[in-house]
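The values are calculated or read from the model by the stated rules, or taken from the named source; none is laboratory data. From a predicted model like this one, the values you see are computed outputs, not experimental measurements. Cβ placement follows ideal geometry from the backbone for every residue including glycine, while neighbour counts extend to all protein chains displayed. Calculation scope for accessible area: heavy atoms of the full protein, side chains included, ligands and nucleic acids excluded. Shrake-Rupley method; radii C 1.70, N 1.55, O 1.52, S 1.80 Å.
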Amino acid sequence: MSDEQRPSASPEPGGGASGGPERHGPERHGPEPEPIRFFGTTWLHHDGGYGLRRAGVAVGSLAFAAAGAVVLRFAFQGLEIADVGPFVGILVVAGFAICSALAFRRTWDGFVRRHDPAAAESAADRSAQSLMFIGFIGSLLAYFCRSLIEAPGEKLRRAEYTAARERYERRRGARTGNPGARKSRPKNRR
């Protein structure tokens, strides 16, 4: 196949023609920023409606947390109608409060450091998923609080991206005879 007949690379973020994260082209060199849920890569330069997206995430997560609290109130009213007693009511409220606090902390920690991918398969992580499900209000409140400061996870992604760019620049500058930096010259043969 000649160069004119080859399909061009996919314009999707993080994916090229081979499906890998590398892109090849005159203006695309080095590591690519990792997209963030609801923000894509707009967090890098704070463009593309970044401010509106942050406001939307803040309002949306707070609205969903409020809706979740209303649903939990209906559930608690169901317990009162069933007349299960004050002890069960206190256990339910305490259980949701503790799970919400744990979910808040776990979500907040996910914004400042990466979770270990090897631990994702452990039994402890599977039980933490059920805590996150029960304490969904805490997780939504963590999104709300973090979106007031930045895009949730932006600080972590920015630090990783900056470190990757620095490593790339050091590697690129340290190489001698870099074929990508040289222009091809036709050889004179006699």
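What are the ³J(HN,Hα) values, in whole Hz, obtained from phi via the Karplus relation 6.51 cos²θ - 1.76 cosθ + 1.60 with θ = phi - 60°, for each residue of segment 100-111 in sequence order, with x given for Gly and Pro?
Karplus-based 3J(HN,Hα) across segment 100-111 equals 5, 5, 5, 5, 4, 5, 5, 5, 4, 4, x, 7 Hz.
Assign unit charges at the C-beta atoms only (+1 for Lys and Arg, -1 for Asp and Glu), then state the dipole size of segment 29-143 relative to its Cα centre in Debye, rounded to the nearest 20.
That gives segment 29-143 a dipole magnitude of about 200 debye.
How far apart, in nanometres, would the label points at Ala66 and Arg167 be if each is projected 7 angstrom from Cα along the Cα-to-Cβ direction?
So the label points at Ala66 and Arg167 sit 4.4 nm apart.
Residue by residue, what Karplus-based ³J(HN,Hα) values in Hz, rounded to whole numbers, does segment 80-96 have, using 6.51, -1.76 and 1.60 with θ = phi - 60° and x for Gly and Pro?
Residue by residue, segment 80-96 yields 5, 5, 6, 6, 7, x, x, 4, 5, x, 5, 4, 5, 4, 5, x, 5 Hz.
Could you give the length gained by full extension between Phe74 and Arg126, i.e. 0.36 nm per residue of separation minus their alpha carbon distance, to one decimal place?
Full-extension gain reported as 15.9 nm.
Once the whole set of protein chains is in place, how much accessible area is left on Arg172, using a 1.4 Å probe, in Å² to the nearest 10?
Roughly 80 Å² of Arg172 is accessible to a 1.4 Å probe.
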